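Please treat every number below as a calculation from the coordinates, not as lab data. This is a predicted model, so every value here is computed, not measured. All Cβ positions, glycine included, derive from the backbone under ideal geometry; neighbour counts span all protein chains shown.
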Amino acid sequence: MKKFSKVLAFVLALMLVLPAFFSFSASAATPEIIYLAPSKNWNEGNARFAAYFFGNGEKWVSMTDPDGDGIYEVAVPAGFSQVIFCRMNPANQTNNWNNKWNQTADLTIPTTGADLYTVPEGTWDKGAGVWTTLNSTCDHSELGPDATCTTPQVCAKCNEEVVAAKGHSYDTAHNCTVCFNQASFTIAGSGAHLGTEWDTGNTANDMTYDATTATYTKVYENVVPGTYKFKCARDHDWGTAYPGTDKSYTVAVEGSTVIITLTGTTVTVEVVAPHVHDYEAVVTPPTCTEKGFTTYTCSCEDSYIADEVDSLGHSFVDGTCSACGAADPDYVPHAHDHKAVVTPPTCTDDGYTTYTCDCGDTYVADEVTSTGHSFVDGTCSACGAADPDYTPADPENPADPETPADPETPADPETPADPETPADPETPSDDLVEEPAAKPSFITVILNAIIAFFKNLLAMLGL
């Protein structure tokens, strides 16, 4: 009996613990269905309602009121943890941002058991609504810490959200005046380089903040041609986005760079076409030992080296490179055996000796001065050259021979006595008288004169 009592007590205790355990487990998970309680003004115009789920891609789902109690519900798609409740245009059943009238802020679906979001009365967009548990009976008498800019106030008894996070209060430089947090901005729009269209939750599109210039910047490279639209959303929330209407830009050249900048509330876009290199070539020629190459340098300072050429190698001549002057380590000096060829002097040119080795080495030495002309009667007896200063003699006026010195005049002898005049010989007969010699001709006289002239000339020359 005692044993049965212990088992019964254990079962009763287990029955008490299990509900609490399952309740705790359920409270730690995202609810399968979430609910929206619109305000009176949100219900105006026969509005319909839809939920935009994001954080794992994006998905639009229409909300319904199956029991007509004014509470709209929607099933949470698997894997999504964030939602925006939207008041939609009833004239168009397509769920998109163009058909949206109003919206809540970006909301994180609670994991504390709360599943009902209530839109505050009199608000239109992004009012500070509250998450609670549908049909909750808790009196919320044990509240947790006050709500902050980012943290809601939660009931300690039931874990329901009692006061939603207040959100930041930003100044014109996007600094929170309450918690001094610097706002973040992300790009959301349409275009392949922006990822999922109009997705404010895509952290890959987060902009970089520069505190020195209070500027947010995002750079996209290698953008394909096309026309794109976007906005800069603050804190991944459409509650604050710039500019007021979609900003568009067009990329015309493949591979362009897009730079989006936000300063205060001003958004600018710069599209930079890819740089076209204008390389200038500088050739470095090869040397005996180094390769040659060409350096290509662009005005953007990009450069590269190409077109290599092998080194030339040395050209050794007699132990020395004729190109660079380097010494040939394998050179053995040649023992010259020069042979002499004498070029004798002439009347006008010097003589010399040419020494030639069988290796081709040659040099000239042993110069001899020219002999000069030996003129005889106006002609060089050695080379036959004419004497430019020679003047031949005039045959009609032969040069006078040197006049011999007059001999001393001998003393006059005593005049002898006149001999007796002999008697005239008998006059010979005409038969015995000799005829006088014939007178020489003119030619004979000239020849005799010339012969005499040359005899006298030779005598003067000592020949």
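May I ask you to compute the full-extension gain from Ser374 to Ala326, defined as 0.36 nm times their residue separation minus their alpha-carbon distance, rounded to one decimal in nm?
11.7 nm
Using a 10 Å cut-off on Cβ atoms, rank the peptides 271-279, 189-197, 40-48 from the highest mean neighbour count down.
189-197, 40-48, 271-279
Counting other beta carbons within 10 Å of each residue's own, what order do Ser381, Ser441, Ser39 fall into, fewest first? Display every interim value, and only then the final one.
On the way: Ser381 12, Ser441 9, Ser39 18.
The order, fewest Cβ neighbours first, is Ser441, Ser381, Ser39.
Within a 10 angstrom radius of the beta carbon, how do His314, His336 rank from fewest other beta carbons to most?
On the way: His314 19, His336 12.
Ranking His314, His336 by Cβ neighbours within 10 Å, fewest first, gives His336, His314.
Arrange Trp124, Trp101, Trp238 by Cβ neighbour counts within 10 Å, fewest through most, would you?
So the residues, fewest neighbours to most, are Trp124, Trp101, Trp238.
Full extension from Tyr209 to Ala452: what is 0.36 nm times the residue separation minus their Cα-Cα distance, to one decimal in nm?
74.0 nm
Say the cut-off is 25 Å between C-alpha atoms; which of Lys40/Lys126; Lys59/Lys229; Lys40/Lys231; Lys100/Lys247; Lys40/Lys247; Lys59/Lys157 go over it?
Numbers: Lys40/Lys126 15 Å; Lys59/Lys229 20 Å; Lys40/Lys231 30 Å; Lys100/Lys247 19 Å; Lys40/Lys247 34 Å; Lys59/Lys157 34 Å.
Cα-Cα > 25 Å for Lys40/Lys231; Lys40/Lys247; Lys59/Lys157; rest within.
Calculate the length of the line joining the C-alpha centroid of region 86-103 to that of region 202-277, in whole Å.
Spelled out, the Cα-based centre of one part sits 27 Å from the other.
Taking 7 Å along the Cα-to-C-beta vector as the label spot, tell me the Glu197-Ile33 distance in nanometres, rounded to one decimal.
3.2
Any idea what the dipole of region 31-163 comes to, in debye rounded to 20, about its Cα centre with Lys/Arg Cβ at +1 and Asp/Glu Cβ at -1?
Working: 7 positive and 16 negative charges, 96 e Å.
Here region 31-163 has a charge dipole of around 460 debye.
Projecting each Cα onto the charge dipole of region 280-321 (Lys/Arg +1, Asp/Glu -1 at the beta carbon, about the Cα centre), which of Ser315, Gly292, Tyr304 comes out farthest on the positive side?
Selected residue: Ser315.
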